[in-house]
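These notes are about the structure you will find just below.
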Amino acid sequence: MIIDSHLHVWSDDESLYPYGDVSRPKAGDRASVELLNEHMAEAGVEKAVIVQPIHYLYDNRYVADCLARFPGRFAAVCLVNPKAPSAPDQLEELVRGQGFGGMRLHLSRQDDPSALAAPDQDPLWRRVEELNVCLIVLGGAAELRALEPIIDRFPNVKVVLDHLGGPPVGEEPTHPLLGNVLRMARYPNVYVKVSNMNRMSKAPYPHNDTHEMVRRIYDAFGPERLMWGTDFPHVLKAGGYVRALELVRNELDFLTNEDKDWLFSRTVQKVWKFE
């Protein structure tokens, strides 16, 4: 089985699912669940984790409707304002009532990323733990250290770093930002998505300038804490959906067949339930 751990969808019908004030897709950028299903079928991908797109901000209705329409095919991650006093209750409603499997934290959307590790965030993390769901983290590698205190306080909360944790390609030889990602391996509850390599790369396919970075993350975390993802629909402008799969399956020569089992399905199923 192959599971895509990271992608986004939005509706072709803006009148039914209006975009928020923060962001909207560029003209012509389509990402309906129907289009996603076509690309998954072409690549032989059976299941996927949908991440609520920023275009809808905290209106999670379209993703919830996708879960309801295709039971067992998708898991999903919502967006809730983590600083809202009602965030724990909002999350619980989305988990118990709509079937979501966690929520996303945008470190880069905070003036001070350490605010998401402050004591006033403990009720939210405690509810995540009680619900047995996860938190996924988007941000640059420079911001990861800010989240460490709360990760340390909640060792039973599964935390998943999006897009290799955000280190840049071509970093200076001491690799301080990649080092921030590798440092997170000390927390057994932290996982990493091997995703977005084709957009991070400055080299043509097979994006050799990213391979050593992935190898170092693999060495630090082990395959049991790594998962593959495409970042659909953005991947369609960066080589295509199938090539994002081929990149990890065929071009990372340090991965064994057992490693690939972990990256393509077994790790994801430790974090999300497809029910």
So if I check each of Arg109, Arg126, which one is at pLDDT below 95 and under 26 Å from Ala146 (Cβ atoms)?
Arg109
Might you let me know whether the stretch 233-253 holds any residue that is among the polar types (S, T, N, Q), out of contact with any Asp or Glu (no Cβ under 7 Å at 6 or more places or on another chain) and farther than 23 Å from Glu38 by Cα?
no
Taking the stretch 227-246, which residues are surrounded by fewer than 24 Cβ atoms within 10 Å (Cβ to Cβ) and among the aliphatic types (A, V, I, L, M)?
Leu236, Ala238, Val242, Leu245
I'd like to check something: does the stretch 214-228 contain any residue that is over 21 Å from Leu138 (Cβ atoms), of a type in the set (D, E, K, R) and free of Cβ contacts under 8 Å to residues at least 24 places away in the same chain?
yes
What pairs can you find where one residue is in the stretch 22-39 and free of Cβ contacts under 8 Å to residues at least 60 places away in the same chain and farther than 16 Å from Lys237 by Cα, the other is surrounded by 15 or more Cβ atoms within 10 Å (Cβ to Cβ) and of a type outside the set (Gly, Ala, Ser), and their Cβ atoms are less than 7 Å apart, with a gap of 6+ or different chains?
Val22/Ile54; Val22/Leu57; Ser23/Ile54; Ser23/His55; Arg24/His55; Val33/Val9; Val33/Cys66
With respect to Leu147, is the statement that it is more than 30 Å from Gly99 (Cα to Cα), of a type in the set (A, V, I, L, M, F, W, C) and surrounded by 17 or more Cβ atoms within 10 Å (Cβ to Cβ) true?
no
Residue pairs meeting the criteria (Cβ under 7 Å; at least 6 apart or on separate chains; first assigned to a loop (DSSP other than H, G, I, E, B), in the stretch 161-184; second β-branched (Val, Ile, Thr) and at pLDDT 95 or above):
Asp162/Ile136; Asp162/Val137; Pro167/Val181; Val169/Thr210
Phe254 vs. criteria within 20 Å of Gly165 (Cβ to Cβ), surrounded by fewer than 19 Cβ atoms within 10 Å (Cβ to Cβ) and of a type in the set (A, V, I, L, M, F, W, C):
yes
Subset of the stretch 188-204 [in a loop (DSSP other than H, G, I, E, B) and within 12 Å of the chain's Cα centre (by Cα)]
Ser195, Asn196
Tell me yes or no: at least one residue of the stretch 147-158 is touching a Lys or Arg at 6+ places or on another chain (Cβ under 7 Å) and more than 23 Å from Ala244 (Cβ to Cβ).
no
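The values are calculated or read from the model by the stated rules, or taken from the named source; none is laboratory data. This one's a predicted model, so the numbers in the text were calculated from it and none came from an experiment. Counting neighbours? That spans all protein chains shown, and the Cβs are built from the backbone with ideal geometry, glycine included.
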